[in-house]
Amino acid sequence: MRSPALRPAVSAERHWTFAQSILGIRPWSANARQTYDRAMGELLTNALAEAPAPALELDDEIVALGRRLARRSSLLRHARRAAQDRGMALVARDPQVRAALFRLVDVAPACAGPAELAEHLSAFLAGVERRTVAAVASRAAVAPGTRWAAGRAATVAVRAMAGRFIVGETPAAATRTLRSLWEHGAAVSVDLLGEATVTPAEGRAYAARCDDALVRLAADAARWPARPLLETDAAGPLPRVNLSVKVTALTPLVRAEAPERGRADAAALLRPLLRRARDVGAHLHIDMESLDSRELILELVLELLSEPEFAAGPSAGIVLQAYLRDAEETLEHVLDWSRATPRTPPLTVRLVKGAYWDHETIEAAQHGWDPPVWTEKVESDRCFERVTRRLLDAWADERLVRPAIASHNLRSIAHAIVYARHRGLAPADLELQVLRGLGDDLQDALAAEGLRGRTYCPVGDLVAGMAYLVRRLLENTSNDSFLASRVGGAELDRLLSAP
Amino acid sequence: MTTTFRNEPLLELRRAPERERLIAALAAIDRTLPIAVPVIVDGERRSEPSFASVDPGEPRRVVAEATAASPADVDAAVAAAGAAAREWGARSAAERAAALTRAAGHLRARRHELAALAVRECAKPWAEADADVCEAIDFLEYYAAEAIRLEAGPALVQLPGERNTLHYRPRGVVAVIAPWNFPLAIATGMTAAGLATGNGVCLKPAEQSPACALALVEALLAAGVPQGAIALLPGEGDVGAALVAHPGVHTIAFTGSGAVGLEILRRAAEVVPGQRHLKRVIAEMGGKNCIVVDADADLDDVVPGLLHSAFGFAGQKCSAASRALVHERVAEALTERLVGALDTLLVGQAQDFATDVPPLIEASARERVERYAAEAAAAGAVVHRTGAALLPDGEGHFVAPALVLHPSPDADVVRDEIFGPLLTVEPVADLEEACARIETQAHALTGGLFSRNPRTIEAFARRTPVGNLYVNRGSTGAMVGRQPFGGNRLSGTGTKAGGPDYLLQFVEPVVVTENTVRHGVAV
């Protein structure tokens, strides 16, 4: 009978299955949103009342900068990327086709060949047969003569999409792209994709891959040309090599109800990685995942970095998710820790909106909990700006933690840049992060503007990367996505106005 | 009173303060042990402690000292229930529902304490113990709402000159024979169904969990259920047998083992002197639950799904998975990952939040698991266990979870319900072979399927004999109102607890047809 539903540790790459179920049952999703909105009405109203509006004079500057970035990135946009974007926008318009696409991409690595993929494709499209494009594809996938070709075409399409978001199958294969990004004014952070870690051996294998990547990337990066903007800020040198790691990939023992178990296990693997990063002069960034693992990850990282052997390095960082209602409390906790634990170089805090909104919302609904995330996107945007200002203040006033603002939302980015200028910070003192495949044009525009950017680059094979890919696709075609609405004129101004 | 139902929210155990509250509740309850559990008949308590329930993780710790019901207690309880049911059944469904809803409130107010009690008395891990309390609350509120809906009766065909009405009448006295593995939830579910529909109820809890049952009866009495309408009859099998054979009992609601269930069905069919009705039996019995893994499954989901279904609460759920039928293309990869993941399972005390596999309920259960594992190994299967050296010290009934690879398809280990942390893994050529193997089973309670092809899912769902099929998730954790629960074949009488037609088992439909024609005119 009943148990607390399924509560395996939700791994980094698995939250999208929940998102997918939302796509499958859209009316449920809409109802859920309404329910939360009602339940949270009072809280939201209070939060709205408390949200301080940014100073008006900054707002004009933010809009002007946003327009300039939009113009630059649209000028810089590659023609093929633009066509892909249009294709995705088209797909996103029809929820059923969108769901079919996700399911296809999701299952592709598990299929033994084109025929099997075609069989899935036709099953996914069975419900949307009246629509023209889908109908053609569906018929092709069923007919014996075209079945293999349809499956082959789908395989090629999936690989092409994966290639946009993933820079290489291995760190060695990725080095050319990474160097090219660096030469074009973008620092990088490498993320090693992988399947979920369910065994200790898988955790050890992931740690070994990370270690290997640190060594290889360090050797390679030593030969990159100098890029002063990317290499020094007010606190000192910034490592060229930057690796993002996931704690749920290090240990199979992540238990939301017993964070101490996973913490002890992950510490044993993370400590040698910190040493390696320190020894090769690299930066190690520990990603944040779903709320189920937040306490574990945060306490693990702060605890390890407090150890005397890491007092003088490596450079390390954590992630703060603005979509969490308690993001500001968490930041204060981190700032207090930084104040009490002086180390060089300072901790980097990457501020993101958060990629597990669907997961958090669904899990809360299924358990009868208040959602830990803001239910309205605009609330996340506001929180993002509040945390941005707090981070930049703490940096300008106390040099507490290095701020890294990670977003594709022009308003959020422009707000951070303008506020940093307002606080008298130099361009090198604000890092702006984008995702490979989604923020490339934006990254180019930031570089052209003389700003310091970093591109988050996933590395891994197609199977491992598929889940990451689906999440990116979801983002890129979500109705809430700023990217989905690349527009100009009055619409752009609306998107650039204060949230 | 409306009929909208929402599941009681689970505790958010990922937040440290919530965990601290539970630890404090356990410490508080430990100071009150042992709990005296009396016989309660017509509001009268009789205490002559004759047996005890103990902590399965520390058997020297006595949780409850209980008084076993005597044959005279059983007679008195059935008589009182029959008498009280006349008044209770005459009340409106809304009035009875209000009492059950108040009882739910009493449980809610004690939820931390009751979860701690389930941890102690049944070695139920915290998350599961909390879920057990929530499910008990859910049953009270769901059946309360359902009884109101049922009272309206269905529409009948009406023609000029006659008025046809159908209404449901309580059957009389319900004997509830409850298991220990959901010590609050299942006892509450069967009891609430009987009471909501206006019956009197005699509750015989499992001898392993009388203290949890006492909490339920106290909540019902405090909520205003008439004293005669609910009796607590602690004891062993003889108390249950006396209830089943009693001429004054109309309905028997049982959840437990198949052997006992079949015996109840046999005995209940005998009309004894003084009996003027046929007894009805609602029996939820065992399972031998299979999870099928197709070649296109996402193994990242399959591994945690299987582990949780097979080893959660040490496999002591009727819904627990005990066979994995895996497409041969992914069998090797999955087996390797399962074996590795098995080593991550922590066997420990239920009260430790880090524990994955708590002790079994009693020594005989541990012996049973060890016997099946040894027999499978002797017959040539590969048996993987987590290291026995990692088992906690002490006298608790701890057992290392086991994976049995490549068992013979007709071995006992793949036929019998073992009710412990043992999962067999059998490669199959395709889904057709998996279905064929499942088809030969006598049990059909829950099943699972991992597949990403909508056509496969549809075809499998049409073909499976099980009562509850779970797709791309674990096979346990049915929620009241969301997953009405119950098995087919020898797993049960086919009723669905927590579903919209469950209450029909506790009532008799009565149809009244009135001729409305007077002097040739319909009036």
Scan segment A:358-367 and give yes if some residue there is in contact with a Pro (Cβ under 8 Å, 6 or more places away or on another chain) and of a type in the set (D, E), otherwise no.
-> yes
Sole residue being within 22 Å of B:E18 (Cβ to Cβ) and either in the same structural domain as B:T197 (by TED's automatic domain parsing) or among the small types (G, A, S) (or both), chosen from B:A152, B:A144, B:A129 | B:A129
Select from segment A:193-208 the residues that are more than 7 Å from chain B (Cβ to nearest Cβ) and within 19 Å of the chain's Cα centre (by Cα) and write down the one among them that is farthest from A:A174 (Cα to Cα).
-> A:G194
Over segment B:37-49, the set of residues loosely packed, with under 14 Cβ neighbours inside 10 Å and in contact with a Ser or Thr (Cβ under 7 Å, 6 or more places away or on another chain) is B:S47, B:E48
Name the one entry in B:R86, B:R61 that is assigned to a helix (DSSP H, G or I) and not small (G, A, S).
-> B:R86
So is B:G261 away from chain A (no Cβ under 14 Å), touching a residue at least 60 places away in the same chain (Cβ under 8 Å) and under 25 Å from B:L100 (Cβ atoms) or not?
-> no
Failed criterion for B:V174 (all others in (1) crowded, with 24+ Cβ neighbours inside 10 Å; (2) in contact with a His (Cβ under 6 Å, 6 or more places away or on another chain); (3) under 15 Å from B:W88 (Cβ atoms) hold) = (2)
Residues within segment B:9-54 that are in a loop (DSSP other than H, G, I, E, B) and within 14 Å of another protein chain (Cβ to nearest Cβ), tallied | 7
State whether the residues of segment B:399-414 include one that is assigned by TED's automatic domain parsing to the domain that holds B:D296, farther than 28 Å from B:S451 by Cα and touching a helix residue (DSSP H, G or I) at 6+ places or on another chain (Cβ under 6 Å).
-> yes
Only residues in segment A:402-424 that are free of Cβ contacts under 8 Å to residues at least 60 places away in the same chain and under 11 Å from A:E385 (Cα atoms) count as the first member; pair them with residues that are of a type in the set (A, V, I, L, M) and part of a helix (DSSP H, G or I), Cβ under 7 angstrom, at least 6 apart or cross-chain, and list the lot.
-> A:I405/A:I413; A:I405/A:A416
Top-ranked residue in segment B:1-36 [being surrounded by fewer than 16 Cβ atoms within 10 Å (Cβ to Cβ) and among the small types (G, A, S); ranked as nearest to B:Q208 (Cα to Cα)] | B:A36
Any residue in segment B:290-315 that's at the interface with chain A (Cβ under 8 Å from one of its Cβ atoms): show its pairings with residues that are part of a helix (DSSP H, G or I) and of a type in the set (D, E) at Cβ separation under 9 Å, as long as the two are six or more apart or on different chains.
-> B:A295/A:E116; B:A295/B:E328; B:D296/A:E116; B:D298/A:D106; B:G312/B:E128; B:F313/B:E128
Among the residues of segment A:162-180, write down those that are over 10 Å from A:C457 (Cα atoms) and surrounded by fewer than 22 Cβ atoms within 10 Å (Cβ to Cβ).
-> A:G163, A:R164, A:E169, A:T170, A:A172, A:A173, A:T175, A:R176, A:R179, A:S180
Here the residues within segment B:371-407 that are among the aromatic types (F, W, Y), closer than 18 Å to B:A324 by Cβ and assigned to a loop (DSSP other than H, G, I, E, B) are none
Given (1) modelled with pLDDT under 85; (2) in contact with a Pro (Cβ under 9 Å, 6 or more places away or on another chain), index of the condition A:I417 fails = (1)
Considering each residue of segment A:148-161, count those that are surrounded by fewer than 20 Cβ atoms within 10 Å (Cβ to Cβ) and without any contact (Cβ under 8 Å) to a residue 40 or more places away in the chain, and give that number.
-> 7
Restricted to segment A:338-357 and to residues being in contact with a helix residue (DSSP H, G or I) (Cβ under 7 Å, 6 or more places away or on another chain) and surrounded by 19 or more Cβ atoms within 10 Å (Cβ to Cβ), the residue farthest from A:R402 (Cα to Cα) is A:Y356
Members of segment B:324-349 that are within 29 Å of B:K124 (Cβ to Cβ), without any contact (Cβ under 8 Å) to a residue 40 or more places away in the chain and either more than 9 Å from chain A (Cβ to nearest Cβ) or small (G, A, S) (or both) = B:G340, B:A341
Exclusive hit being in contact (Cβ under 8 Å) with a residue 40 or more places away in the chain and not aromatic (F, W, Y), set A:V280, A:V301 | A:V280
Members of segment A:395-413 that are surrounded by fewer than 21 Cβ atoms within 10 Å (Cβ to Cβ) and assigned to a helix (DSSP H, G or I) = A:A396, A:D397, A:E398
Quick one: in segment B:230-248, of everything that is more than 23 Å from B:F182 (Cβ to Cβ) and buried (at least 20 other Cβ atoms within 10 Å of the Cβ), which residue is nearest to the chain's Cα centre (by Cα)?
-> B:A242
Picking from B:D356, B:D352, the residue that is charged (D, E, K, R), buried (at least 20 other Cβ atoms within 10 Å of the Cβ) and either in contact with a helix residue (DSSP H, G or I) (Cβ under 6 Å, 6 or more places away or on another chain) or within 12 Å of chain A (Cβ to nearest Cβ) (or both) would be B:D356
Which one is nearest to the other protein chains (Cβ to nearest Cβ) among residues in segment A:264-290 that are surrounded by 24 or more Cβ atoms within 10 Å (Cβ to Cβ) and farther than 23 Å from A:A221 by Cβ?
-> A:S290
Evaluate the following for B:A259: is it assigned by TED's automatic domain parsing to the domain that holds B:D75 and surrounded by fewer than 14 Cβ atoms within 10 Å (Cβ to Cβ)?
-> yes
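The values are calculated or read from the model by the stated rules, or taken from the named source; none is laboratory data. Quick caveat, the model's predicted, so the values are computed rather than measured. Heads up, the Cβs are rebuilt from the backbone with ideal geometry, glycines too, and the neighbour counts pull from every protein chain shown.
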